[in-house]
1. Could you give me the residue pairs with C-beta distances under 7 Å whose first residue belongs to the range 213-227 and is closer than 15 Å to residue 149 by Cβ and touching a residue at least 60 places away in the same chain (Cβ under 8 Å), whose second residue is of a type in the set (Phe, Trp, Tyr) and buried (at least 16 other Cβ atoms within 10 Å of the Cβ) wherever it lies, and which are 6+ apart or on separate chains?
2. Restricting to the range 159-215, name every residue that is closer than 20 Å to residue 139 by Cβ and small (Gly, Ala, Ser).
3. Can you tell me which residue among 203, 244, 198 is at pLDDT below 95 and touching a helix residue (DSSP H, G or I) at 6+ places or on another chain (Cβ under 6 Å)?
4. Which condition number in (1) closer than 25 Å to residue 199 by Cβ; (2) crowded, with 18+ Cβ neighbours inside 10 Å is the one that residue 99 fails?
5. Looking for something surrounded by fewer than 12 Cβ atoms within 10 Å (Cβ to Cβ) and either within 15 Å of residue 143 (Cβ to Cβ) or at pLDDT below 95 (or both) - is there at least one such residue anywhere in the range 65-85?
6. Which one is farthest from the chain's Cα centre (by Cα), of the residues in the range 100-134 that are under 15 Å from residue 222 (Cβ atoms) and acidic (Asp, Glu)?
7. Determine if the range 45-55 includes at least one residue that is within 29 Å of residue 218 (Cα to Cα), surrounded by 22 or more Cβ atoms within 10 Å (Cβ to Cβ), out of contact with any strand residue (DSSP E or B) (no Cβ under 9 Å at 6 or more places or on another chain) and of a type in the set (A, V, I, L, M).
8. When you go through (1) touching a residue at least 24 places away in the same chain (Cβ under 8 Å); (2) assigned to a helix (DSSP H, G or I); (3) under 30 Å from residue 151 (Cβ atoms); (4) of a type outside the set (Ser, Thr, Tyr) one by one for residue 47, which number turns out not to apply?
Amino acid sequence: MFFPYRDDNPLHHGPPLVTLVIIGVSTVVYLVVQLPMGPHEGQAYALSFGFIPAVFFGNAELVGELARVPAPATLITSMFSHGGLLHLAGNMWFLWLYGDNVEDAMGRVRFALFFLICGVAAALAQGAVDPSSRVPMVGASGAISGVIAAYLLIWPRANIRVFYWWFVFIGTINVPAFLVLGLWIVEQLFALPASMQAQGGVAIVAHLGGFATGLALTPFLKRRGVKLLQAPHGAAFARTRTRAIPRRRGSVPEVRKERD
């Protein structure tokens, strides 16, 4: 088990205001609007504000109170809605971890545009795979995948501080970004075939669509003085605070596997 929790990239242009606004809006929408809803209301909300390929491409339509916004608007509203507290927390954490530096490298206006374009492209990629799908898609994962692509393209060897737990050992270690994010890419590719056949679940095609869009846009939206493929600020694989978890004689360590 491993969990990235910070990097060693400094900021040069002030606080990441756009990143903070996106996190704030997404959090407020979920905690204030979505969380208090019951199951029926939550389903109605997802149908109204989630991206539904069949509705967007004209293969189906919402009726009555469900048609609260035009279908094209759901490309945006779906980005700021989430399917659960863990879904929200995971997305916002990765946006905070990588988005502050990408915003710093692009500037606030261009980063906001970049985030929205990646999110829209991600939704359209997912919809193009199955235009008749009536399953609503919510979440900022596609846009954040574009942010991950930008980070990887600019700082592939940046040091990501990772917490790890391997059997009875826990600690932290600096790992190059290309290994941390490369593992994420591999995970998406392995999960792709199953996601293509499933109804609902994780929108892997959206992740890959957002990632590809981020790779394509980053060279054009970064600041002029920002170089691609930058060198790291410090040494990777610096390990600290590793310790063994004591256990009683004859006991078996418990292993929990979780998937976002």
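The values are calculated or read from the model by the stated rules, or taken from the named source; none is laboratory data. Quick caveat, the model's predicted, so the values are computed rather than measured. Virtual Cβ from ideal backbone geometry, glycine too; neighbours counted across all protein chains shown.
1. Final answer for the pair search is 217/114; 221/114.
2. 191, 194, 195, 198, 200, 201, 203, 206, 209, 210, 212, 214 - these are the residues of the range 159-215 that are closer than 20 Å to residue 139 by Cβ and small (Gly, Ala, Ser).
3. Matching residue, one of 203, 244, 198: 203.
4. (1)
5. yes
6. In this case the residue turns out to be 104.
7. Within the range 45-55 (the criterion being within 29 Å of residue 218 (Cα to Cα), surrounded by 22 or more Cβ atoms within 10 Å (Cβ to Cβ), out of contact with any strand residue (DSSP E or B) (no Cβ under 9 Å at 6 or more places or on another chain) and of a type in the set (A, V, I, L, M)), the answer is no, since none of the residues qualifies.
8. Unmet for residue 47, out of (1) touching a residue at least 24 places away in the same chain (Cβ under 8 Å); (2) assigned to a helix (DSSP H, G or I); (3) under 30 Å from residue 151 (Cβ atoms); (4) of a type outside the set (Ser, Thr, Tyr): (3).
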